[in-house]
Amino acid sequence: EPVVPVDGCQIAGVVKMVASDDTKHRSDSKFALAIQIAALTGMRRGELCGLRWSDIDWEKSTVTIQRGVVNGELLDGTKSIIVREAPKTHRSNRTISVDARLVDSLRAAHEEADALADACGVVCGRGAYVLSNDPAGSTCWSPARITRRWGRSRNRLGLEDVDWHCFRHYHISYLLRS
């Protein structure tokens, strides 16, 4: 039975540990952001990968989930990322209110993405993916990438009993306590 983080301090600790775990990789701050988003919104891996900057309403402090990403395979056997323009189920289309901490983290990540795009001479538009290693944000992470990265991080951090789905459970507990 996986251990579910019980409070925001533990989640914040996990985010900090992941962000500082291996600072030579630019993606670590993005991975820490992915954990924070998952814990505070209950988003699935595929929903996280499909999140675009245009899905965030900065004034209302909301995130709208309207697409998902799945790992796929083309007819020739090549691995591929498939972006669905609808989430996993019809009930998965939703708008979630988010707290000021997450809005601040998202805003900082957006500013960082814009600065990187500018330095590379490209534009990171509103339709860019939040979780992307492409300076223009035109390609998204795959759910498998999140699974692999979490597996490595949780083992290094001594969190072997915490699987990714625990963040969805944490979100429900977070809502019930609010």
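Quick look at the values:
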{"quantity": "Residue match in segment 104-118 (condition: of a type in the set (Gly, Ala, Ser), free of Cβ contacts under 8 Å to residues at least 24 places away in the same chain, open to solvent by 40 Å² or more (accessible area, probe 1.4 Å) and in a loop (DSSP other than H, G, I, E, B))", "calculated": "no"}
{"quantity": "Residue ID - surrounded by the fewest Cβ atoms within 10 Å (Cβ to Cβ), chosen from residues in segment 119-134 that are of a type in the set (A, V, I, L, M) and within 12 Å of ILE56 (Cβ to Cβ)", "calculated": "ALA128"}
{"quantity": "Segment 137-159 residues that are more than 15 Å from LYS30 (Cα to Cα), paired with ones that are part of a loop (DSSP other than H, G, I, E, B) and among the acidic types (Asp, Glu) (beta carbon under 7 Å, 6 or more apart)", "calculated": "ARG154/GLU160"}
{"quantity": "Qualifying residue in segment 116-128 (condition: at pLDDT 95 or above and touching a Cys at 6+ places or on another chain (Cβ under 6 Å))", "calculated": "yes"}
{"quantity": "Residues satisfying the stated conditions in segment 32-72, i.e. assigned to a helix (DSSP H, G or I), of a type outside the set (Asp, Glu) and within 20 Å of ASP99 (Cβ to Cβ)", "calculated": "ALA32, LEU33, ALA34, ILE35, GLN36, ILE37, ALA38, ALA39, LEU40, THR41, LEU48, TRP53"}
{"quantity": "Selection within segment 135-168 - modelled with pLDDT under 85 and either open to solvent by less than 20 Å² (accessible area, probe 1.4 Å) or among the small types (Gly, Ala, Ser) (or both)", "calculated": "SER153, GLY158, VAL162, CYS166, PHE167"}
{"quantity": "Lone unmet requirement of (1) open to solvent by 10 Å² or more (accessible area, probe 1.4 Å); (2) of a type in the set (S, T, N, Q); (3) within 11 Å of the chain's Cα centre (by Cα) for THR62", "calculated": "(3)"}
{"quantity": "Test set (1) modelled with pLDDT of 90 or more; (2) among the hydroxyl-bearing types (Ser, Thr, Tyr); (3) more than 14 Å from the chain's Cα centre (by Cα) - SER132 fails condition number", "calculated": "(3)"}
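The values are calculated or read from the model by the stated rules, or taken from the named source; none is laboratory data. Everything numeric here is computed off the predicted structure, so don't read it as measured data. Cβ: placed from backbone, ideal geometry, glycine included. Neighbour counts: every protein chain shown. Side chains included, ligands, DNA and RNA excluded: accessible areas come from the protein's heavy atoms. Shrake-Rupley method; radii C 1.70, N 1.55, O 1.52, S 1.80 Å.
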